[in-house]
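This report concerns only the one structure given below.
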Amino acid sequence: FCIFFFSGLSALIYELLWLRHLGLIFGNTVQAAATVLAAYMLGLAAGAYLVGRFPHLFRRPILIYGLIEAGIGIYALLMPILFLMVRFSYKILYQHVSDGSIFLTTVRFFFGLLILVIPTSMMGATLPILSRYLLRYNMGFGRRFGFLYGINTLGAVFGLILCGFYLIPLVGIKVTNGIAVCLNLVIAGIAIF
């Protein structure tokens, strides 16, 4: 429960960071924010769906959870490079298309999805994997699952407050990303070992 709290905390730090990064690339319009958020939520749903389809593959759910958390951290470490690639590609397209076109909104969604689908799918897979672990204990699964989901949501709230009001203003985007990456790798290490 403790590591899943910090997993939610780091996930919302990433979401806020990635939304800011892509807002700098696409502009801070409502359409740009909505397309990035939709891509984020689609990735979360895809991860939960894929894990739900193949529960028998996870004989050691805590180990798999740890590996997924490590994957999230490593991917987040590579995000600045991916943002540079998206910025370069979007800049080329933007020069040849009018700002208000449907095509540009579609391009924003595609780039947002392209860059976010892997880490958000991994994030979406964490709850179903940990719930698989909880299924081993027949007593009170509903209560335990509700507590697991609630503690993750509480961590997400703390992550949003911590990132938005303290980390970014005090240490900047790069250091905030580094803190979240370190947090993910610590979570992964605890779960794996």
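Brief remarks follow.
- Considering residues of the stretch 1-30 that are more than 17 Å from M41 (Cβ to Cβ) and of a type in the set (S, T, Y) only, the residue most open to solvent (accessible area, probe 1.4 Å): T29
- Restricting the first member to the stretch 32-49 and to residues that are within 19 Å of T153 (Cβ to Cβ), and the second to residues that are of a type in the set (S, T, Y) and open to solvent by less than 30 Å² (accessible area, probe 1.4 Å), the beta-carbon pairs closer than 7 Å and six or more apart or on different chains are Y40/T120; G43/T120; G43/S121; L44/T120; G47/T120; G47/S121.
- Filter result for A39 (part of a helix (DSSP H, G or I) and either among the aromatic types (F, W, Y) or modelled with pLDDT under 90 (or both)): yes
Matching residues to (1) open to solvent by 90 Å² or more (accessible area, probe 1.4 Å); (2) closer than 23 Å to G172 by Cα; (3) modelled with pLDDT of 90 or more:
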position: L82; (1), (2), (3): no, yes, yes
position: R87; (1), (2), (3): yes, yes, no
position: K91; (1), (2), (3): yes, no, no
position: S131; (1), (2), (3): no, no, no
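- Any pair with Cβ under 9 angstrom, 6 or more apart, that starts in the stretch 169-190 at a residue that is more than 23 Å from L63 (Cα to Cα) and ends at one that is small (G, A, S) and open to solvent by less than 20 Å² (accessible area, probe 1.4 Å): N177/A76
- One residue alone among I168, I129, I102 is in contact with a Pro (Cβ under 7 Å, 6 or more places away or on another chain) and within 23 Å of A39 (Cβ to Cβ), and that residue is I129.
- Pair list, Cβ < 6 Å and 6+ apart or interchain, from the stretch 103-118 residues that are over 17 Å from T29 (Cβ atoms) to residues that are not aromatic (F, W, Y): L113/A39; I115/L82; I115/V86; L116/A39; L116/G43; V117/G43
- Of all the listed residues (G112, G142, G124), the sole one being open to solvent by less than 20 Å² (accessible area, probe 1.4 Å) and either out of contact with any Ser or Thr (no Cβ under 8 Å at 6 or more places or on another chain) or not in a helix (DSSP H, G or I) (or both) is G124.
The values are calculated or read from the model by the stated rules, or taken from the named source; none is laboratory data. Fair warning: this is a prediction, and the values are worked out from it, not measured in the lab. Backbone-built Cβ (ideal geometry, glycine too); neighbour counts: all protein chains shown. Please note that ligands, DNA and RNA were not included when accessible areas were found on the heavy atoms of the full protein model with its side chains. Shrake-Rupley method; radii C 1.70, N 1.55, O 1.52, S 1.80 Å.
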